[in-house]
Amino acid sequence: MLARVNDTPKFLGFAAALRGLRLLWAGRFEDAVMHSETVLELGRRIGDRAAFMSVGIQVFVARRAQGRLAEIEPLVRAWVEQAPLIPAARCMLALLYADLGREAEARRE
């Protein structure tokens, strides 16, 4: 018997992450950041490591759109330290530095 999509934890994680993206696309940045907490909790519950990356990216996009990247610099740096081989993390840090006018640090990343 085939599993229904709603019964499969992996698909629940995808659906939650997509809801966050829809909030971003609608310009509802604070709602997207608040929703990321739901995605993070679901990711913990079902053991979906991709949920953590999804949340990081969504919060980064929201804060960048709001001109508030400086607030999350410590979080982005911590992500790079914890997962130095994930290119998305290093790219976000480089973009953060570039947006904050810190060209030398952006180039280093």
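Mind checking which helices (runs of 4 or more DSSP H) fall wholly inside the range 1-92 and carry at least 2 residues that are charged (D, E, K, R) and farther than 21 Å from Arg107 by Cα? Write out each step before concluding.
Details: elements: 9-25, 29-46, 49-65, 69-82.
Here the list reads 9-25, 29-46, 49-65.
Looking at the structure I just gave you, is Asp99 among the acidic types (Asp, Glu), surrounded by 13 or more Cβ atoms within 10 Å (Cβ to Cβ) and under 22 Å from Phe29 (Cα atoms)?
On the way: among the acidic types (Asp, Glu): yes; surrounded by 13 or more Cβ atoms within 10 Å (Cβ to Cβ): yes; under 22 Å from Phe29 (Cα atoms): yes.
Considered against the rule, which asks whether it is among the acidic types (Asp, Glu), surrounded by 13 or more Cβ atoms within 10 Å (Cβ to Cβ) and under 22 Å from Phe29 (Cα atoms), Asp99 comes out as yes.
Examine the range 9-26 for a residue that is within 23 Å of Leu100 (Cα to Cα), open to solvent by 30 Å² or more (accessible area, probe 1.4 Å) and not aromatic (Phe, Trp, Tyr), and state whether such a residue exists.
Let us first name the residues in the range 9-26 that are within 23 Å of Leu100 (Cα to Cα), namely 24.
Subsequent filtering for residues that are open to solvent by 30 Å² or more (accessible area, probe 1.4 Å) retains none.
No.
Cβ contacts < 7 Å: first residue modelled with pLDDT of 85 or more, restricted to the range 51-67; second residue open to solvent by 70 Å² or more (accessible area, probe 1.4 Å), any location; separation 6+ or different chain. Result?
Qualifying pairs under 7 Å: Arg63/Glu71; Arg64/Asp99.
Only one of these is open to solvent by 50 Å² or more (accessible area, probe 1.4 Å), under 30 Å from Lys10 (Cα atoms), at pLDDT 90 or above and not small (Gly, Ala, Ser): Glu37, Glu30. Name it. Spell out how you get there, then give the answer.
Values: Glu37 fails: at pLDDT 90 or above.
Testing whether each residue is open to solvent by 50 Å² or more (accessible area, probe 1.4 Å), under 30 Å from Lys10 (Cα atoms), at pLDDT 90 or above and not small (Gly, Ala, Ser) leaves just Glu30.
The values are calculated or read from the model by the stated rules, or taken from the named source; none is laboratory data. Keep in mind that this is a model prediction, so the values were computed, not measured. All Cβ positions, glycine included, derive from the backbone under ideal geometry; neighbour counts span all protein chains shown. Areas reflect the complete protein model, heavy atoms only, side chains present, ligands, DNA and RNA absent. Shrake-Rupley method; radii C 1.70, N 1.55, O 1.52, S 1.80 Å.
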